[in-house]
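Asks: Below you will find the structure I want to go over with you.
The values are calculated or read from the model by the stated rules, or taken from the named source; none is laboratory data. Values in this document were obtained by computation on a predicted structure and should not be read as measured data. Backbone-built Cβ (ideal geometry, glycine too); neighbour counts: all protein chains shown.
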Ligand code: CO
């Protein structure tokens with residue numbers, strides 16, 4: 001048999017017999033799912049934030065299975081003691097792998113691409129090459145990533161201020177802050193806010209701008225009333241205690257001690273549709289990249 005005929009015969013066998021078997025198997029097992037990953041919270045009332053995201057995600061991506069994981073080990077351990085078991089990202093991905101998901105979009109519900117986001121990125125990367133695992137995993141960006149996220153988030157922050165605020169009242173948004181280089185997103189947000197409202201200030205619990213920076217800015221503006229709002233996805237422990245608590249070292253107590261009338265607003269950003277839209281747009285982009 002001439003070699004070209006043998007070659008054609010081999011090609012025929014591959015095309016007719018083997019390829020459909022491979023394609024058929026892929027077609028049969030293709031299964032796409034979503035994994036939402038939040039830091040987590042131990043404050044039961046703060047769960048409204050998570051429930052809100054879950055409901056919005058379900059209505060935006062109907063028919064898609066949506067699972068959850070918390071990236072904070074401390075939060076998961078505290079919840080486990082209370083009898084609530086929540087998966088870590090690795091546990092949730094292992095489960096999805098065993099449940100036959102071939103394509104998974106993981107969405108970070110963190111605010112900045114800091115430590116939690118980057119460790120999630122490493123976990124996701126580890127699952128991508130797992131034998132008999134998913135064909136493809138994509139990670140969606142956190143709330144703040146690109147400049148247009150910053151602009152949208154600044155507008156969303158200002159739209160979330162209670163309507164009884166008058167123009168002379170200041171508003172202080174309490175972010176978490178971090179020693180990670182991504183802390184730069186907080187002073188970055190101050191820039192975008194300042195363009196829209198000179199009395200809107202950002203402070204952080206653990207990074208920069210600090211409460212001292214906020215006090216300095218307030219000292220120059222001299223407002224009588226100051227609204228305090230979390231710039232965190234959930235109104236959890238930091239919002240209840242560090243921001244609005246009655247202890248001497250809470251922001252409310254310190255600002256009250258300086259003569260300002262404080263109005264704390266206990267509401268996480270994830271309770272606000274405009275913020276959830278940003279996260280879900282990032283999830284939609286991740287789903288797009290899966291195909
Ligand atoms: Co914290």
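Asks: Condition test on residue 245, is it loosely packed, with under 14 Cβ neighbours inside 10 Å and over 20 Å from the mean Cα position of the chain (by Cα)?
Replies: Here the answer is no, as residue 245 does not meet what is asked.
Asks: Considering (1) more than 15 Å from the ligand (Cβ to nearest atom); (2) in contact (Cβ under 8 Å) with a residue 12 or more places away in the chain, say which one residue 256 fails and leave the rest.
Replies: (2)
Asks: Right, here's the next one. Going by the structure shown, is residue 215 outside any helix (DSSP H, G or I) and touching a helix residue (DSSP H, G or I) at 6+ places or on another chain (Cβ under 9 Å)?
Replies: No; evaluated as a whole, the condition is false for this residue.
Asks: Show the residue pairs that are 6+ apart or on different chains and have beta-carbon atoms under 8 Å apart, the first residue being within the stretch 237-248 and more than 19 Å from residue 47 (Cα to Cα) and in a loop (DSSP other than H, G, I, E, B), the second being modelled with pLDDT of 95 or more and within 11 Å of the ligand (Cβ to nearest atom).
Replies: Correct list of pairs: 247/241.
Asks: Could I ask something else about it? I'd like to check something: does the stretch 259-273 contain any residue that is under 22 Å from residue 153 (Cβ atoms), within 15 Å of the ligand (Cβ to nearest atom) and assigned to a loop (DSSP other than H, G, I, E, B)?
Replies: Within the stretch 259-273 (the criterion being under 22 Å from residue 153 (Cβ atoms), within 15 Å of the ligand (Cβ to nearest atom) and assigned to a loop (DSSP other than H, G, I, E, B)), the answer is yes, since at least one residue qualifies.
Asks: Which of the following residues is in contact (Cβ under 8 Å) with a residue 12 or more places away in the chain and under 13 Å from the mean Cα position of the chain (by Cα): 107, 91?
Replies: It is 107.
Asks: Separate question: Going residue by residue through the stretch 43-57, is there one that turns out to be assigned to a loop (DSSP other than H, G, I, E, B), touching a strand residue (DSSP E or B) at 6+ places or on another chain (Cβ under 8 Å) and modelled with pLDDT of 85 or more?
Replies: There is no residue in the stretch 43-57 that is assigned to a loop (DSSP other than H, G, I, E, B), touching a strand residue (DSSP E or B) at 6+ places or on another chain (Cβ under 8 Å) and modelled with pLDDT of 85 or more.
Asks: Over 23 Å from residue 221 (Cα atoms), assigned to a loop (DSSP other than H, G, I, E, B) and touching a residue at least 40 places away in the same chain (Cβ under 8 Å): which single residue out of 120, 144 fits that description?
Replies: 144
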